[in-house]
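The values are calculated or read from the model by the stated rules, or taken from the named source; none is laboratory data. Worth saying up front: this structure is predicted, and the values here are computed from it rather than measured. We place every Cβ from the backbone using ideal geometry, glycine too, and count neighbours over all the protein chains shown. When the accessible area is computed, the model is the full protein with side chains, heavy atoms only, and any ligands, DNA or RNA have been set aside. Shrake-Rupley method; radii C 1.70, N 1.55, O 1.52, S 1.80 Å.
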Amino acid sequence: QVQLVESGGGLVQAGGSLRLSCVASGTIFRVNAMGWYRQAPGKQRELVAVIPSGGSTNYADSVKGRFTISRDSAKNTMYLQMNTLKPEDTAVYYCNARVLHYFFSAPSDYWGQGTQVTVSS
């Protein structure tokens, strides 16, 4: 089993910044792609940004130029630096990771419990 724990959410004024962190722990051989998703009240969960174990990152159009995803693979940790926050960024932010438990195992997807980000106008 794998646990993903997010931190760094909170209340911030429009134009401000927050940095989210996600730490993966448990039976991990390798963490492949990791990503941040968010879900606002009454809306479906949507992709914010994804970072593979190698290769380029990908962002939702709504956050390009404002958010930066990064990871420390040695620590199985992922970050989301969020700048110039807008009220429409208000949501619960979830961490996702695709994990190999062992060298020959199939990948499994895991989700964190979510962290609330609230941006006031």
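Among the listed residues Ala33, Ala97, Ala106, Ala74, identify the single one that is assigned to a helix (DSSP H, G or I) and out of contact with any Asp or Glu (no Cβ under 7 Å at 6 or more places or on another chain).
Values: Ala33 fails: assigned to a helix (DSSP H, G or I); Ala97 fails: assigned to a helix (DSSP H, G or I); Ala106 fails: assigned to a helix (DSSP H, G or I).
Result of the check over Ala33, Ala97, Ala106, Ala74: Ala74.
Inspect the range 82-91 for any residue being small (Gly, Ala, Ser) and under 22 Å from Leu11 (Cα atoms) and give the result as yes or no. So that I can check it myself, show each step before the final result.
Residues of the range 82-91 that are small (Gly, Ala, Ser), as a first pass: 91.
Now narrow it down to the ones that are under 22 Å from Leu11 (Cα atoms): 91.
So far as the range 82-91 goes, yes, one or more of its residues are small (Gly, Ala, Ser) and under 22 Å from Leu11 (Cα atoms).
Give the residues of the range 27-61 that are of a type in the set (D, E, K, R) and either closer than 23 Å to Glu88 by Cα or within 14 Å of the chain's Cα centre (by Cα) (or both), sorted by residue number.
Matches in the range 27-61: Arg38, Lys43, Arg45, Glu46, Asp61.
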Could you say whether any residue in the range 15-35 is at pLDDT below 95 and aromatic (Phe, Trp, Tyr)?
yes
Across (1) under 22 Å from Asn83 (Cα atoms); (2) open to solvent by 50 Å² or more (accessible area, probe 1.4 Å), Met34 clears everything bar (2)
Kindly indicate whether Val5 is among the hydrophobic types (A, V, I, L, M, F, W, C) and either within 15 Å of Arg98 (Cβ to Cβ) or surrounded by 15 or more Cβ atoms within 10 Å (Cβ to Cβ) (or both).
no
Go through the range 47-61 and give me each residue that's modelled with pLDDT of 95 or more and surrounded by fewer than 13 Cβ atoms within 10 Å (Cβ to Cβ).
Asp61
Give the number of residues within the range 86-100 that are of a type in the set (D, E, K, R) and surrounded by 18 or more Cβ atoms within 10 Å (Cβ to Cβ).
1
Does any residue of the range 76-85 turn out to be open to solvent by 70 Å² or more (accessible area, probe 1.4 Å), modelled with pLDDT of 95 or more and within 23 Å of Gln1 (Cβ to Cβ)?
no
So, of the residues in the range 101-121 that are among the hydrophobic types (A, V, I, L, M, F, W, C) and touching a strand residue (DSSP E or B) at 6+ places or on another chain (Cβ under 9 Å), which turns out to be surrounded by the most Cβ atoms within 10 Å (Cβ to Cβ)?
Val117
Which residue pairs have Cβ atoms under 6 Å apart, sit 6 or more places apart or on different chains, and have a first residue in the range 52-64 that is assigned to a loop (DSSP other than H, G, I, E, B) and a second that is surrounded by 14 or more Cβ atoms within 10 Å (Cβ to Cβ) and of a type outside the set (S, T, N, Q)?
Pro52/Ala33; Thr57/Ile51; Thr57/Ile69; Ala60/Leu47; Ala60/Val48; Val63/Val48
Step by step: first the residues of the range 10-30, then only those that are hydrophobic (A, V, I, L, M, F, W, C), in contact with a Ser or Thr (Cβ under 6 Å, 6 or more places away or on another chain) and touching a residue at least 60 places away in the same chain (Cβ under 8 Å), then the one that is nearest to Met78 (Cα to Cα). Which residue is that?
Leu11
